[in-house]
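The values are calculated or read from the model by the stated rules, or taken from the named source; none is laboratory data. These numbers were taken from a predicted model, which means no experiment stands behind them. So basically every Cβ, Gly included, is an ideal-geometry build from the backbone, and we count neighbours across all protein chains shown. These accessible areas exclude ligands, DNA and RNA; they are computed on the full protein's heavy atoms, side chains included. Shrake-Rupley method; radii C 1.70, N 1.55, O 1.52, S 1.80 Å.
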Amino acid sequence: MLTHNPSETSSVSSTLAKLKEQFAELSLLVGEFRSETTVVVPAENLISVMQFLRDDEACQYTFLSDVIGLDYLNYPAADSLPGGRFAVVYNLVSPTHNRRLFIKVMLDPSLPTDGIEDDPALHLASVTGLWPGAEWPEREVYDMFGIHFDDHPDHRRILTWEDFPAHPLRKDYPVTGHGERERYKYVGREDV
């Protein structure tokens, strides 16, 4: 288990310096909140940045703890967000150096998001080639938010059924659903 240590900030600072040196041509945004550092990476550079963070001796972020999706629809500061309504966040851990770093990729839909259409703007490279354990979390983000992970080894829904008509964690998904309750028979205890 990682614990916060006072030198952790300087350690993450060294990671940021290495990223800036390695990817000088990229415009990487960095934010810090409650001693946690987040780097916003362009979608097209995700794999190269992640591979560098995993393989570089000074970084060694060898453990991918989480992959999560976010929907910033109606977020109060949405205008200040760089490049999109949706985000995919990767929680990286370096057990060797006792560091944690969040990598965020922003995606902006090009089609209406109230359905299940495959939006080409909501595609992102899968990191399962770097961390095989990303397979199920990426499937969950796909299922709940409709973000497709290209080159994923098993790209199908994981929490809802395959013909589910939408992505239920999108903020424009109605709380009562799109008629799911009316179309499916309720099975009570007495029916079992």
**Item:** Residue list for the range 25-52, filter: assigned to a helix (DSSP H, G or I) and not aromatic (Phe, Trp, Tyr)
**Value:** Ala43, Glu44, Asn45, Leu46, Ile47, Ser48, Val49, Met50, Gln51
**Message:** Looking only at residues that are hydrophobic (A, V, I, L, M, F, W, C) and touching a His at 6+ places or on another chain (Cβ under 9 Å) in the range 85-121, which one is modelled with the lowest pLDDT?
**Reply:** Ile116
**Prompt:** What residue, among those in the range 24-33 that are of a type outside the set (Val, Ile, Thr) and open to solvent by 60 Å² or more (accessible area, probe 1.4 Å), is modelled with the lowest pLDDT?
**Reply:** Ser27
**Complete:** Subset of the range 34-51, residues in contact with a helix residue (DSSP H, G or I) (Cβ under 8 Å, 6 or more places away or on another chain) and open to solvent by less than 30 Å² (accessible area, probe 1.4 Å), comes to Thr37, Val39, Val41, Val49
**Restricting the range 138-154 to residues that are in a helix (DSSP H, G or I) and touching a strand residue (DSSP E or B) at 6+ places or on another chain (Cβ under 7 Å), the residue that is farthest from Asp118 (Cα to Cα)** = Glu138
**Request:** Within the range 53-70, count every residue that is surrounded by fewer than 16 Cβ atoms within 10 Å (Cβ to Cβ) and in a helix (DSSP H, G or I).
**Result:** 1
**Request:** Restrict the check to the range 63-83 and report whether at least one residue is over 12 Å from the mean Cα position of the chain (by Cα) and at pLDDT 95 or above.
**Result:** yes
**Asked** Which residues, taken from the range 71-83, are open to solvent by 20 Å² or more (accessible area, probe 1.4 Å) and either without any contact (Cβ under 8 Å) to a residue 24 or more places away in the chain or acidic (Asp, Glu) (or both)?
**Response** Tyr72, Tyr75, Pro76, Ala77, Ala78, Asp79, Ser80
**Prompt:** Can you name the residue in the range 84-130 that is of a type in the set (D, E, K, R) and buried (at least 18 other Cβ atoms within 10 Å of the Cβ) and is also farthest from the chain's Cα centre (by Cα) among such residues?
**Reply:** Arg99
